[in-house]
1. Relative contact order for segment 290-365: what is it in percent, counting Cα pairs under 8 Å that are at least 6 residues apart?
2. Between residue 359 and residue 188, take the C-beta separation as r, use R0 = 60 Å, and let me know the FRET efficiency to the nearest 0.05.
3. With a 10 Å radius around each residue's Cβ, average the other Cβ atoms per peptide and rank 19-27, 425-433, highest first.
4. If the chain between residue 24 and residue 93 were fully stretched, how many nm would it gain, using 0.36 nm times the residue separation less the Cα-Cα distance?
5. Please report the net charge: other residues with Cβ closer than 11 Å to the Cβ of residue 436, K and R +1, D and E -1.
6. So how much slack lies between residue 349 and residue 84, counting 0.36 nm per residue of separation and subtracting their Cα-Cα distance, in nm?
7. Can you tell me the FRET efficiency between residue 163 and residue 36 if r is taken as the Cβ-Cβ distance and R0 is 45 Å, rounded to the nearest 0.05?
8. Between residue 389 and residue 445, what length in nm is gained on full extension when 0.36 nm per residue of separation is reduced by their alpha carbon distance?
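The values are calculated or read from the model by the stated rules, or taken from the named source; none is laboratory data. These figures come from a predicted structure and were not determined experimentally. Here the Cβ positions follow ideal geometry from the backbone for every residue, glycine too, while neighbour counts run over all protein chains shown. Heavy atoms of the whole protein, side chains included, go into the accessibility calculation; ligands, DNA and RNA do not. Shrake-Rupley method; radii C 1.70, N 1.55, O 1.52, S 1.80 Å.
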Amino acid sequence: MANPKDPKECSFSFSDFPEDVQLCILSFLSLPDIANFACTSKRSVSLCCNDTKLWFTLCQRRWGSKTQINKWGGGQITYKLLYKTLTQWENLIGFWRHCGRAGLSGQCPRLIIFEWGPSFVSGSRICPSKNGTYYVTKSPFLWMGISPDGQIVYFLDLEGQTEIPSGDFGSWLEFVCLDQNLVPANVNFMGKDHFVVEENLNFWHSNKSKDVLRSSSSSKNLIEDSDEVIESGIAGSLPDRFVSEMYMHFANRTSPGGGGDRAWRRQRKKEKERQGRRKWEPEHFLKVVDCSPTPDKPLQGLWKGISGDMNLNFYLVKYDEIGGIICQRIGDFSSSYTLVFWTSEPMSMESPFSLEEERIYDDRIHFQPVAAEDQIHSQPAMTGIEMVSHIQHINSSCNLMLPSLVGSAGLQHGEGRIWQYMNGTFGFGFLRDHLIIDLKHIIQEGRLLDSVNLLQ
């Protein structure tokens, strides 16, 4: 009878597991660990080089709950390429804010949210409502995907009017290349928390490949040409030659009697006219790392509030290393200073408050939405000091032009207060006026609040 404690009797190697179990185990390893495992035997090499097994399993385990892995690139790309691409793109998911002044395009959004799609990643512009409510509008801004030939593609939607792709991204790419007025773009990543979007001005140019454009543009030729471009080391959006051939390929399929060449010329003319009317300047975006409050940082994150002109503004509140607080207005391009208030004092006053602090609070007016229907979604009216849990002193520092200081900027400093409410939100105001700007969350538990999709 075999002894169960004898190691020789209980030996069980990794190769004895079923293949699906092996793949599941390998999917939890890092790529260097998988490379080391592949060196252990010929069978390990075969298993690790199997694109439809190992690399699909890696993609499915990491992103399968967020996107449809088998739909990327129309199901015609390698999962190894998909893994490499999504590894870089997954850091985009979340909020990003514009950095610097608006360029000549005049259409740069203040705030962007990137989200997973079935076979693409989309960036949507998040803008404040203009009707005196807490609603925010959401519209397309940047589309990111992979063509069936494995090329990375980016399109800017300056007007925010393109419908969300249905089906595979390759079919949608064919549609927008022929019929929509989108702007080809390049996205350059500068670390994990910074990227630059610029217009790809050479996207539609043929690069003098007229002989190829007049060919049948078969799928085999397209794949061979795209492979040549990959080997040449060109990265980013669709290479010029490939795009011209792709357009000709689509035009030939839909135009009888050699009309594809005329269709391509009409498209080129349309693109030249479009570039003469509109130009997108390179714009920088920074990741909003801490979007939501935490128990030890209750004011941290993205907020929205209605100001004195009854317009909705976005605010970003950050803590420094010693507990100080800085609040910036997002997208204030009229001034080089976006600082709204700051404090280096981490301590706050708790209830019960002094009579003086109660008087300061009670003498102020709270800005509320002007639309009656928005009252359902707005925070409850702050009618008394009993709604306040903590009070904190702040200072303002805004760029202010004084008539007596022509040609120079004077800084106006003022003392103010932060009033933290029982419901987890807060308001702020300054002693120089009698107003309180009450702030609400933009995002809560990963969900965008009070959003209106402009395409619905």
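1. With pairs under 8 Å counted, the relative contact order is 17 percent.
2. For residue 359 and residue 188, the calculated efficiency is 0.65.
3. Ranking the peptides 19-27, 425-433 by packing returns 425-433, 19-27.
4. Full extension from residue 24 to residue 93 adds 22.3 nm.
5. The answer is -2.
6. Numbers: separation 265, 0.36 × 265 = 95.40 nm, distance 5.05 nm.
Gain on extension, residue 349 to residue 84, equals 90.3 nm.
7. Efficiency at R0 = 45 Å is approximately 0.45.
8. That works out to 17.9 nm of additional length.
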